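A short worksheet on the structure shown next.
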Amino acid sequence: MKLARPLIPTILVSALALPVFSVEHTSLSALPLEAYNIDLSQTSVSGISSGGFMTVQMHAAHADNIVGIGVFAGGPYECAGTSGQLSNVDTAMNTCMAGKADAGEAIKRLKQAAAADSIDPVESQQSDKIWLYSGYNDGVVKQPTMDALDNYYRKLVDEGNVYYRDNQDAGHAQIVDNSHGQECVLNGGDFINNCHLDGAGQILEFIYGDLNPKNAEDLSGEIMAFDQSIYFAGNSNAVMADTAYVYVPEACAKGDACRLHIAFHGCLQNAESIGDNFYRYAGYNEWADTNNVVVLYPQTTQTGQIYIPDTPFNPKGCWDWWGFTDPGALNANYATRSSIQIKAVWAMATQLASGFNQAAGRSENTTTTTPLTLDAADASDNAVSLVWNAQSGGEYQITVSEDPAGEFTPVNKEPIKTSSYSVTGLQPSTSYYFKLARIDGSKTESDVVSIATGNPAPECDPWYGTLTQHILAGRAYLAWGTILATGSNDYLGLAFQANTADATLLKTAALTYEKGNCPENTKN
């Protein structure tokens, strides 16, 4: 295959193709991973960027035990292809990250993998809950690729099981509602952005239903380091760190029935790159603490900056979504159960759940007298996420109105037997009112809740990267020792900063780029 540029320069490979920095990180003492009273069949998974792609792969591989996922800035299954590291990296960069992912092709590959028994049956995903997020300032994984992931899952799961938030002005990031995140619109940094949206909480509630409020004070449990290397037998092709982390609430440590959430960091977000910022501040632990959820934070490591044929090349510490862990293979298995990374992480999950006591499982809400509590958790420009305190065996009907005193019409065609629902097809900038009723005997009904949809995302085409990347892609050029944006001539930096400085550029016309962020969406 011939390309107009080198196939694997270090500046092009990662799903966060950025300058490489490392931080001095004092690890917690790594101990063996313990066993807890966890029901593995209630596992959920989430991830950002390469971790988002890995989340989709993990879901496919172990759908029999996974009940829901959350993805920030990822893409469809095997988006990069199956031809091996050299071919796939070009597809990853110039198709998947560039916003050209194909949902239909991904489903075709998913079904082929299931037919070969390389992953769990596709039908095992049907009842799962899917929460998706893409900020319109994301200049790393372009929003049309997340649009393709939305389309992919709507073809796979039941109606109402996919919620997609795509109208917020976020950059490429894990979305949080805490002071540890940077400004929402930014790309770069630690890729943790404060957008005043609790992404972790939104994911967990959409998957598991209305939860106890998160712990905003000191947590009851602790973050523990453990020896991850035994789960990949020291195989350097895994490109995984020796140490990973797990948050265990006090109740879970004491033997109470718990569930497991696996949180995949993105490229340049492992402990080697940003210390404890992801596994401590991504937002999961506060919800886990009050809802008996153990959170597993597996960790990658980095390879060197120089590509060596037939060896893994992962200088940004990404999760494998293009085949670098199987570098010499013509048919890479990175997205299957036999993937060295997927196998290792699932072995960790299995170990955590090895203390499961089925007789002392989680208590289900079986009473029919408990008041129904409906919560309008979030709204995009055309959808609303609803969650509630479902009762075991309950069947539910959602009704909606644009007038709290007017007629409420049914939303769902079939009874809902779960604890969340995504209402789609709504109008932008409109207030809606919802009611929930149990319809299988008790006839209990919730109070009316209201929420307003936001504005659609503005038309915008952001591109983020180092100044060298912008030059190679034609978005910037060198002139007398300075670097300027193509077309607009906006000043970006000095020539010696090309490999270290980064910028977000907006494509405003053919061959014209401007420095800056997308125009503000005043109601998002």
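The values are calculated or read from the model by the stated rules, or taken from the named source; none is laboratory data. Note that the structure is a prediction, hence the values are computed from the model and not measured. Cβ coordinates were reconstructed from backbone atoms using ideal geometry, including for glycine residues, and neighbour counts include every protein chain displayed. All accessible areas refer to the heavy atoms of the entire protein, side chains included, with ligands and DNA or RNA removed. Shrake-Rupley method; radii C 1.70, N 1.55, O 1.52, S 1.80 Å.
Any idea how far the Cα center of the range 471-520 sits from the one of the range 165-200, in Å?
24
List every residue whose amide H lies under 5 Å from the amide H of G221, counting only residues 5 or more places away in sequence or on a different chain, with H placed 1.01 Å from N in the peptide plane.
The list, which skips near neighbours in sequence, is E250.
If you fit an axis through the alpha-carbon atoms of helix 340-352 and take the longest principal axis of the Cα set of the chain, what angle between them do you get, 0 to 90°, nearest 10?
Once rounded, one gets 30 degrees.
Rounded, prolate or oblate: pick one for the range 82-162, where a ≥ b ≥ c are the square roots of the eigenvalues of its C-alpha gyration tensor, a/c under 1.5 means rounded, and failing that, prolate if a/b is larger than b/c, else oblate.
On the way: a/c = 2.71, a/b = 1.15, b/c = 2.36.
The shape class here is oblate.
What part of the accessible area of the chain, given as a whole %, is carbon or sulfur when the probe is 1.4 angstrom?
Numbers: 9660 of 20220 Å².
Within the chain, the accessible surface is 48 percent carbon and sulfur.
Given a cut-off of under 8 Å on Cα pairs at least six residues apart, what relative contact order in percent is computed for the range 231-330?
After rounding, I find 36 percent.
So if I place +1 on the C-beta of Lys and Arg and -1 on the C-beta of Asp and Glu, and nothing else carries charge, what would the dipole magnitude of the chain be about its Cα centre? I want it in debye, nearest 20. Before the final figure, lay out the partial values.
On the way: 28 positive and 57 negative charges, 260 e Å.
Dipole size: approximately 1260 debye.
Classify the range 131-240 as rounded, prolate or oblate from the Cα gyration tensor: take a ≥ b ≥ c as the square roots of its eigenvalues, call it rounded if a/c is under 1.5, otherwise prolate when a/b beats b/c and oblate if not. Before the final figure, lay out each step's value.
Values: a/c = 1.32, a/b = 1.20, b/c = 1.11.
It comes out rounded by the Cα gyration axes.
What does the accessible area per residue of the range 35-144 come to in Å², with a 1.4 Å probe and no ligands, DNA or RNA counted?
That works out to 25 Å² for each residue.
Amide H of V293 versus every other amide H placed in the peptide plane: which residues, excluding those fewer than 5 positions away on the same chain, fall under 5 Å?
Distant-sequence amide H within range of V293: R259.
Only sites in a loop by DSSP and with at most 13 other Cβ atoms within 10 Å count here; which GluC sites (Glu not before Pro) in the range 202-248 make the cut?
Answer by residue number: E217.
For the range 200-272, which trypsin sites (Lys or Arg not before Pro) are both in a DSSP coil and crowded by at most 15 other Cβ atoms within 10 Å? Could you put the intermediate results ahead of the total?
Details: sites: K214, K254, R259; in loops: K214, K254.
Passing sites in the range 200-272 are K254.
For the chain, what is the calculated [θ] at 222 nm in deg cm²/dmol (nearest 500), taking -39500 (n - 2.57) for each run of four or more DSSP H residues and dividing by its residue count?
Details: 11 runs with 94 residues, N = 524.
Mean residue ellipticity at 222 nm (helix-derived): -5000 deg cm²/dmol.
For the range 381-467, which trypsin sites (Lys or Arg not before Pro) pass both filters: DSSP loop (anything but H, G, I, E, B) and at most 10 other C-beta atoms within 10 Å?
Loop-located and lightly packed - K413, K443.
For the range 159-271, what is the accessible area per residue in Å² when the probe is 1.4 Å?
Here the per-residue accessible area is 33 Å².
Spin-label point model (7 Å from Cα, Cβ direction): what's the Y477 to Y491 distance in nm?
The modelled label-to-label distance comes out at 1.9 nm.
In square nanometres and to one decimal, what's the mean projected area of the convex hull around the Cα atoms of the range 369-442?
That works out to 5.0 nm².
What is the Cα centroid distance between the range 88-102 and the range 286-305, reported in whole angstrom?
Computed from Cα coordinates, the inter-centre distance equals 27 Å.
Provide the per residue accessible area, probe 1.4 Å, for the range 420-495, rounded to a whole number of square angstrom.
Using a 1.4 Å probe on heavy atoms only, each residue of the range 420-495 averages 45 Å².
Before anything else, pin down the relative contact order of the chain: Cα pairs under 8 Å, at least 6 apart, normalised by residue count, whole percent.
Numbers: 1355 pairs, mean separation 90.4, N = 524.
Taking the mean separation of contacting Cα pairs over the length of the chain, I get 17 percent.
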